Structure formats: structure tokens, C-alpha cells
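**Q** After the C-alpha cells below, expect a handful of questions from me.
The values are calculated or read from the model by the stated rules, or taken from the named source; none is laboratory data. Small disclaimer: the values here were computed from a predicted structure and weren't measured. Heads up, the Cβs are rebuilt from the backbone with ideal geometry, glycines too, and the neighbour counts pull from every protein chain shown. Accessible surface areas use protein heavy atoms only, side chains included; no ligands, DNA or RNA. Shrake-Rupley method; radii C 1.70, N 1.55, O 1.52, S 1.80 Å.
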Amino acid sequence: MDKKTLGIVFLLFAAGACGYAGAQRAGGGRQSPMTKLMNDLQQAVPRAKLSDGQNDKLQSDIAALKDAQQAKRQGQSVDQDKVQAALNDLHQIVDSGAFQDADQKQLDQDFTAIHPPQQ
């Protein structure tokens, strides 16, 4: 298994675990915006044309968000700057043109749900 494939498998596992945990907390109903973003990324990554660098950064950003979710669940403090940096990095990767148009639109909607535009 090459590095990129292994990375995608890890990403799918991590995003799936986050999505499952989020669905369990929500009683299987509505997902949090962050969980929805991770689930949609999980579905879009296999169709994306990511460079090795983008794939590595995507993995580390997903891990940072997963760690933040875990810390929050455990009542620990969360470094909001680190979370925002990870979201910004993910948004840059999504906006890089590596994702298919339909995936791009869905992921942009997910980012908007997390951080609505300022009026």
C-alpha cells in the first residue's frame, strides 16, 4: 500500500470514527457542523486529486480537530487558535481545486455552517 493510499485509509477511519461518535451523541439525528464536515470530507477524499503534501496536511488537520473534539468531550480546554488554524488549512486545501465541483460545493456549505459569513 503506498503512502497516499495509506493516508486516505487513515483519514477515512478517523473521519468515520468522529462521525459515528457525533451521531451517537446526537441520538443518531442531526450532526454537528464539524461532524458533517468530517463526514463529507471522508466521502470526497477518494474522488479528490490531492498531492502528497495536501494529503499529509489534511490528515494532520483532521487529527487536530479530532483531538479538539475529544478534549471538549472530556471537559478539557481546547486551543481555539489551533482549531481555527486547522479549519483554515482544510479550507485552503478544499479551495485548491483538488476536489470535484459537487464535493467542493458541499464542503463550502459545511465551512459556512461552521463559520457563517460576517454581515
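**Q** Tell me which residues, restricted to the stretch 52-72, are open to solvent by 60 Å² or more (accessible area, probe 1.4 Å) and touching a residue at least 24 places away in the same chain (Cβ under 8 Å).
**A** Going residue by residue through the stretch 52-72, those that are open to solvent by 60 Å² or more (accessible area, probe 1.4 Å) are 52, 56-57, 66-67, 70, 72.
Listed by number, the residues that qualify are Asp52, Asp56, Lys57, Lys66.
**Q** Does the stretch 14-45 hold any residues that are modelled with pLDDT of 55 or more, farther than 25 Å from Gln80 by Cβ and exposed (fewer than 13 other Cβ atoms within 10 Å of the Cβ), and which are they?
**A** Within the stretch 14-45, just Gly29 meets the criteria.
**Q** Moving on to the next point. Of all residues in the stretch 99-119, which are open to solvent by 20 Å² or more (accessible area, probe 1.4 Å), outside any helix (DSSP H, G or I) and touching a Leu at 6+ places or on another chain (Cβ under 8 Å)?
**A** His115, the sole residue that qualifies.
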